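The structure appears below as structure tokens.
The values are calculated or read from the model by the stated rules, or taken from the named source; none is laboratory data. Here the structure is a predicted model, which means the values were calculated and not measured. We place every Cβ from the backbone using ideal geometry, glycine too, and count neighbours over all the protein chains shown. SASA here: full protein model, heavy atoms, side chains in, ligands and nucleic acids out. Shrake-Rupley method; radii C 1.70, N 1.55, O 1.52, S 1.80 Å.
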Amino acid sequence: GIGCALLDCSLDMDGAVESREEWTLLLWTGFAVLVPVLITLWCSFQRPKRKVQLKDLFRKSKHGWHYTDLFNKPTYCCVCAQPILQGAFCDCCGVCADEQCIPRADITLACKEIMAPLRADGSFNHHWVRGNVPLASYCSVCKQQCGTQPKLCDYRCVWCQATVHDDCKMALSSEGQCDMGEFHSVIISPQYLHQVNNLRRRHPDEYCKLAVACGSVWSPLLVLANTRSGNNMGEVLLGEFRTRLNPVQVFDLSDITPAKALQLCTLLPPGGACVLVCGGDGTVGWVLDAIDAMKLKGQDQFIPRVTILPLGTGNDLSNSLGWGSGYAGEIPVEQLIRNIMEAELVKMDRWKVQVVSKGNYFRKPKVLSMNNYFSVGPDALMALNFHAHREKTPSFFSSRIINKAVYFLYGTKDCLVQECKDLDKRVELELDGEQVALPSLEGIIVCNVGYWGGGCRLWEGMGDEPLDDGLLEVVGVFGSFHCAQIQVKLANPVRLGQAHTVRLVLKSSRMPMQVDGEPWAQGPCTITITHKTQALMLYHSAEQTDDEESSASEAEEPSGNRGNHASCAPGTLAKSSLPQ
């Protein structure tokens, strides 16, 4: 009996030990799970607080800070010189800092000055930033590659973009001044703005006198970017251009209207400015309307030349002017600026579209500006459906490929439904006052440029005519399937004629319409398209590749042929017809 009792006691003790071990294991397991969760929750609560603090710092700072969770190349903090994975960078001067060093970097490291006085001897100092030099950059003194060591080393000038080794910097500094580098002819220098700000009498003649110091071919480039266009490249481009130009030249159209941005042209020599519009056809039209408003204010002499970097979905005007159907970062910003400097100047007709609704003759008519085309029918219906869905879920339409896929789906749907059939029975068309007999159509397109529908030429040779001939091409389509055949060059549209004035009467029902990709549904009305004005545009010849163009321009320069390129020579106008 005693042995049994001892055995039972031993078993009870073993059970107690095992139970204690289980509870200990359970406790440590819970601790191991809960502690990371609590730390994560604490960090998640603290992160918004830190973001608010950083946002307040960024708002008050002279730097153009942008926070990133991961740098896309090896980066070192400009304050503590330690390698960093996340932190902030200034897209104007290139200073980088980790989260703890941002306040100190904001105080101790100066950003680009948009306005600064000249030195006593009339020169301009380099503005050096240490470390994080561009890849494959070479020293301006010894011509050896910079930034090869795995640490914060070497320097870059934020104005001329010259790079030097730590040991070579003293030798370069002793030689003299910053010349603004390769793109000095398109940069508004801080000294020019300082002198303009101190003028007692702001007059174009005074601006011309100040511009003499900037060089004979000085033609400042203003960049207006729509960050909401197409593939969302606008934000990246803003930073790229702020790095290479004076930040005062670069505008985000989500923060400022084109009308206000273009007022900078009135502080520059007459006819000397060039405007780069980064966006789609709608953004270009917005900017051209603002330029027309400058004419109404009597600022004709300050009208800039306009060029395009296509970021939208259609980009038909950009295609017609030789700048391509879309930009996704495949060409470096430096090459884009060179292309602009070498582009030719052409005139382009702009048209007024007046819509008078039936029965509302005493109301003010709807007036729109047209650069590319006006259409009624299946292509306008696709655009209307696309815009309606993009307004509901804008985050989904962040890619040009997705946008075109959605257009394709709506086109396929209309092939089955045919909402625009019997258009010839619903409308009357007049070209220069003469009524045109219409075949059995579903759509009518009135074109000013050679491309339509996101990069499609309606027929071979269309668009070779001058953009300032004062004529519109009018064509018809049989439906969505016919539009698709035209897109892949399996069919041609029905040519209805050319005219200086187009009048279209919608007799009954509602029909989808669009002007330059901006659609709406319209009831019975009378639409009149007449000539409005002309715009000065830059044309990029596609006969040469960008690299060939650069080398050719260098070869031609000694022979004096550079004068054929008119974009950066104020007051010069090339032939109005497009080069073939």
**Q.** Conditions (1) of a type outside the set (S, T, N, Q); (2) loosely packed, with under 14 Cβ neighbours inside 10 Å; (3) under 30 Å from residue 227 (Cβ atoms); (4) at pLDDT 90 or above; number of the one not met by residue 353
**A.** (2)
**Q.** Hits in the range 491-519 (condition: surrounded by 17 or more Cβ atoms within 10 Å (Cβ to Cβ), touching a helix residue (DSSP H, G or I) at 6+ places or on another chain (Cβ under 8 Å) and part of a strand (DSSP E or B))
**A.** 506, 511, 512, 513, 514, 519
Q. Hey, does the range 500-512 have a residue that's over 16 Å from residue 448 (Cα atoms) and small (Gly, Ala, Ser)?
A. yes
Q. Any residue in the range 218-227 that is among the polar types (S, T, N, Q), free of Cβ contacts under 8 Å to residues at least 60 places away in the same chain and touching a helix residue (DSSP H, G or I) at 6+ places or on another chain (Cβ under 6 Å)?
A. yes
Q: Scan the range 88-123 residue by residue and report those that are open to solvent by less than 50 Å² (accessible area, probe 1.4 Å), among the charged types (D, E, K, R) and part of a loop (DSSP other than H, G, I, E, B).
A: 91, 98, 112
(Q) Condition check: in contact (Cβ under 8 Å) with a residue 40 or more places away in the chain, hydrophobic (A, V, I, L, M, F, W, C) and surrounded by fewer than 16 Cβ atoms within 10 Å (Cβ to Cβ). Does residue 265 satisfy that? (A) no
Q. Only one of 242, 202 is surrounded by fewer than 24 Cβ atoms within 10 Å (Cβ to Cβ), within 30 Å of residue 326 (Cα to Cα) and in contact (Cβ under 8 Å) with a residue 60 or more places away in the chain; which?
A. 242
(Q) Please count how many residues of the range 222-248 are outside any loop (DSSP other than H, G, I, E, B) and more than 16 Å from residue 160 (Cα to Cα). (A) 11
Q: Tell me, yes or no, whether the range 199-206 has at least one residue that is in a helix (DSSP H, G or I) and among the basic types (Lys, Arg).
A: no
(Q) If I ask for residues that are farther than 19 Å from residue 516 by Cβ and part of a loop (DSSP other than H, G, I, E, B), which ones from the range 269-284 would you list? (A) 269, 270, 271, 272, 273
Q: May I ask you to list the residues in the range 501-517 that are within 21 Å of residue 285 (Cα to Cα), at pLDDT below 95 and touching a strand residue (DSSP E or B) at 6+ places or on another chain (Cβ under 8 Å)?
A: 512, 513, 514, 515, 516
Q) Which residues, counting only those in the range 65-87, are in contact with a strand residue (DSSP E or B) (Cβ under 9 Å, 6 or more places away or on another chain), closer than 28 Å to residue 248 by Cβ and either assigned to a strand (DSSP E or B) or at pLDDT below 90 (or both)? A) 65, 66, 67, 68, 71, 75, 87
Q. Looking at the range 294-310, which of its residues are closer than 16 Å to residue 372 by Cβ and not β-branched (Val, Ile, Thr)?
A. 310
(Q) Every residue in the range 477-490 that is under 19 Å from residue 421 (Cβ atoms) and either part of a loop (DSSP other than H, G, I, E, B) or of a type outside the set (Gly, Ala, Ser) (or both), please. (A) 477, 478, 479, 481, 482, 483, 485, 486
Q.
Taking the condition of being touching a residue at least 24 places away in the same chain (Cβ under 8 Å) and within 26 Å of residue 71 (Cβ to Cβ), how many residues in the range 250-260 meet it?
A. 3
Q) Out of curiosity, is residue 325 buried (at least 19 other Cβ atoms within 10 Å of the Cβ) and closer than 26 Å to residue 472 by Cα? A) no
Q: Just name the residue that is modelled with the lowest pLDDT out of those in the range 34-64 that are of a type in the set (A, V, I, L, M, F, W, C) and within 27 Å of residue 245 (Cβ to Cβ).
A: 54
**Q.** Yes/no for residue 141 being more than 19 Å from residue 170 (Cβ to Cβ) and open to solvent by less than 80 Å² (accessible area, probe 1.4 Å)
**A.** no
(Q) Taking the conditions exactly as written (open to solvent by 10 Å² or more (accessible area, probe 1.4 Å) and out of contact with any Gly (no Cβ under 8 Å at 6 or more places or on another chain)), does residue 256 satisfy them or not? (A) yes
Q) Under the condition of being of a type in the set (Gly, Ala, Ser) and in a helix (DSSP H, G or I), which residue from the range 249-265 is farthest from residue 197 (Cα to Cα)? A) 259
Q) In the range 157-179, what residues are of a type outside the set (Val, Ile, Thr), open to solvent by less than 40 Å² (accessible area, probe 1.4 Å) and modelled with pLDDT of 90 or more? A) 157, 159, 160, 162, 165
Q: Any residue in the range 289-312 that's under 30 Å from residue 329 (Cβ atoms) and part of a helix (DSSP H, G or I): show its pairings with residues that are among the charged types (D, E, K, R) and open to solvent by 20 Å² or more (accessible area, probe 1.4 Å) at Cβ separation under 9 Å, as long as the two are six or more apart or on different chains.
A: 290/260
(Q) Condition (residue is surrounded by 15 or more Cβ atoms within 10 Å (Cβ to Cβ), in contact with a strand residue (DSSP E or B) (Cβ under 6 Å, 6 or more places away or on another chain), of a type in the set (Phe, Trp, Tyr) and modelled with pLDDT of 65 or more) applied to the range 378-401: is it met by at least one residue? (A) no
